[in-house]
1. Normalised by the residues of the stretch 1-86, what does the relative contact order come to in percent, with Cα pairs under 8 Å and at least six apart?
2. Under a plain spin-label model, where a point goes 7 Å from the Cα along Cα-to-Cβ, how far apart in nm are K123 and T51?
3. For a quick check of your reading of the filter: which trypsin sites (Lys or Arg not before Pro) in the stretch 20-71 sit in a DSSP loop and have no more than 13 other Cβ atoms within 10 Å?
4. Round to the nearest 10 and give me the degree value, 0 to 90, for the angle of helix 102-123's Cα axis relative to the longest principal axis of the chain.
5. How about K120: which lysines have a C-alpha closer than 25 Å to its C-alpha, ignoring those fewer than 8 places off in the same chain?
6. Run the 1.4 Å probe and let me know the accessible area of H100, rounded to the nearest 10 Å².
7. How much length, in nm to one decimal, is gained on full extension between K88 and L3, taken as 0.36 nm per residue of separation minus their Cα-Cα distance?
8. Kindly express, to the nearest 10 degrees and within the range 0 to 90, the angle between helix 61-74's C-alpha long axis and the longest C-alpha principal axis of the chain.
Amino acid sequence: MALYSDKVMEHFLKPRNLGVIENADGVGEVGNAKCGDIMKMYLKIDNDIITDVKFETFGCASAIASSSMATELIKGQRIEDALQLTNKAVAEALDGLPAHKMHCSVLAEEAIQAALEDYKKKKA
Ligand code: FES
């Protein structure tokens with residue numbers, strides 16, 4: 001069996017929402033100390049809705065595919081709903097990740113949470 005699903009390969013080779021949002025409303029950066037991979041999420045938020053999201057990921061194929069899928073899942077969502085996004089949901093949407101690569105999807109969940117926290121802090 002191939003290590004990665006077709007969906008992982010597709011999002012790795014053609015990542016959605018790759019890039020930077022200038023003057024983002026929320027920015028979150030997280031990393032994994034063990035593998036050294038880093039993920040950064042940028043959010044544009046209007047009326048509690050995530051109107052745009054972009055990411056930069058310096059990491060493995062699973063981390064890039066997870067970031068790409070996560071941005072697709074939260075774009076157009078309400079903040080409250082985006083906060084509920086779990087790494088498991090990201091991995092499932094990618095038709096699964098190998099067990100030793102599940103931590104890559106955790107980065108996506110954490111980067112979104114960090115960006116939403118940053119937004120709340122800026123707004124407060
Ligand atoms: Fe660490 Fe993928 S190997 S994020």
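The values are calculated or read from the model by the stated rules, or taken from the named source; none is laboratory data. No experiment lies behind these values; they were computed from the predicted model shown. Using ideal geometry, Cβ is built from the backbone for each residue, glycine included, and neighbour counts are taken over all protein chains shown. Each accessible area value is taken on the protein alone, full model and side chains, heavy atoms only, with ligands, DNA and RNA left out. Shrake-Rupley method; radii C 1.70, N 1.55, O 1.52, S 1.80 Å.
1. 30
2. Calculated label separation equals 1.4 nm.
3. Passing sites in the stretch 20-71 are K34.
4. Rounded to the nearest ten degrees, it is 0.
5. K40, K44, K54, K75, K88
6. 120
7. 28.8 nm
8. Between helix and principal axis, roughly 40 degrees.
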